[in-house]
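First comes the structure, then the notes that go with it.
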Amino acid sequence: MEMLLDAVGATTVETGAEITIPEALRTRYDLVVGADGLRSTVREAFFGDAARPRYSGIVAWRGVAGFEPPVYGETWGAGQVFGITPQEPGSTNWYAAVATPEGHRESLEELRARFAGWHGLVTRVLAEADEESVLRHEIYDLSPRLRSFVSGNTVLVGDAAHAMTPSLGQGACQALLDAAALTSCLGEADDLGSALRRYDGLRRRPAQRMVAIRRGP
């Protein structure tokens, strides 16, 4: 992010500002791009509150183990997945996705019990994990689908428009496709309205099809 900000210049982009009056953006700027994530302030202000975060039924755990395993990959079981991926020498990333009721605060010890009896790498990684360094997040996507990514001079991109589960491996990819398409449409169109309509036509259905896949353990 710092490299990108340095490239465009400090006077071009303002960061860290809280949006308290979204309506003021529309009068101050020719174009408002809502790229503010799953719980988008811009989406709620200008697109209604019908599309909201939807719990996927999955909790994701992530951490780092202090050894290099001989193999990497995913192991699948009923209602849960465990993955081990490379990091730097002497350590490895790991993650677990488990079917969990919303609001249930499972402990690391309970997670170990879930994977008891799995192969040795899984149990070794979890044995070395500690509560303070492990990340735990309930996973949400966006539902129901928006009828348009455009409202007046406001347009949504990325998770603000089509948040999806990380197991798809497509969230950042789809956001980059949004950005590229929006840039192209703005550069080619004669006016803002036609540019945004073209963007919506190019990106909404493909992105929403990806959300609908909603793959999980």
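Test residue 181 against the stated conditions and say whether it is under 28 Å from residue 72 (Cα atoms), small (Gly, Ala, Ser), in contact with a Phe, Trp or Tyr (Cβ under 9 Å, 6 or more places away or on another chain) and open to solvent by less than 20 Å² (accessible area, probe 1.4 Å).
No.
What are the residues in segment 29-58 that are among the hydroxyl-bearing types (Ser, Thr, Tyr) and more than 24 Å from residue 12 (Cβ to Cβ), if any?
Scanning segment 29-58 gives 55, 56.
Would you mind stating whether residue 202 is among the hydrophobic types (A, V, I, L, M, F, W, C) and either closer than 15 Å to residue 33 by Cβ or in a loop (DSSP other than H, G, I, E, B) (or both)?
no
Tell me the residue from 155, 211 that is at pLDDT 95 or above, surrounded by 21 or more Cβ atoms within 10 Å (Cβ to Cβ), within 21 Å of the chain's Cα centre (by Cα) and among the β-branched types (Val, Ile, Thr), please.
One residue alone meets the criteria, 155.
Looking at segment 1-26, which of its residues are open to solvent by less than 70 Å² (accessible area, probe 1.4 Å) and of a type in the set (Asp, Glu)?
none
A quick yes/no check of all residues on (1) in contact with a helix residue (DSSP H, G or I) (Cβ under 8 Å, 6 or more places away or on another chain); (2) modelled with pLDDT of 90 or more:
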site	(1), (2)
10	no, no
43	yes, yes
47	no, yes
50	no, yes
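Looking at segment 146-157, I want the residues that are closer than 13 Å to residue 198 by Cα and have a partner that is open to solvent by 30 Å² or more (accessible area, probe 1.4 Å) and part of a loop (DSSP other than H, G, I, E, B) with Cβ atoms under 8 Å, at least 6 apart or on another chain. Which pairs are those?
155/31
Can you confirm whether residue 193 is open to solvent by less than 70 Å² (accessible area, probe 1.4 Å), at pLDDT below 95 and not hydroxyl-bearing (Ser, Thr, Tyr)?
No; evaluated as a whole, the condition is false for this residue.
Within segment 121-130, can one find any residue that is over 23 Å from residue 77 (Cβ atoms) and in contact (Cβ under 8 Å) with a residue 60 or more places away in the chain?
Within segment 121-130, none of the residues are over 23 Å from residue 77 (Cβ atoms) and in contact (Cβ under 8 Å) with a residue 60 or more places away in the chain.
Residues that are under 30 Å from residue 150 (Cα atoms) and open to solvent by 70 Å² or more (accessible area, probe 1.4 Å): which strands (runs of 3 or more DSSP E) entirely in segment 27-138 hold 1 or more of them?
The qualifying strands (runs of 3 or more DSSP E) are 52-65.
Against the condition in contact (Cβ under 8 Å) with a residue 40 or more places away in the chain and open to solvent by 40 Å² or more (accessible area, probe 1.4 Å), how does residue 186 come out, does it pass?
yes
The values are calculated or read from the model by the stated rules, or taken from the named source; none is laboratory data. Given the structure is predicted, the values throughout are model-derived calculations rather than measurements. Cβ sites come from the backbone with ideal geometry, for glycine too, and all protein chains shown count toward neighbours. What goes into the accessible areas is simple: the full protein's heavy atoms, side chains included, and nothing from ligands, DNA or RNA. Shrake-Rupley method; radii C 1.70, N 1.55, O 1.52, S 1.80 Å.
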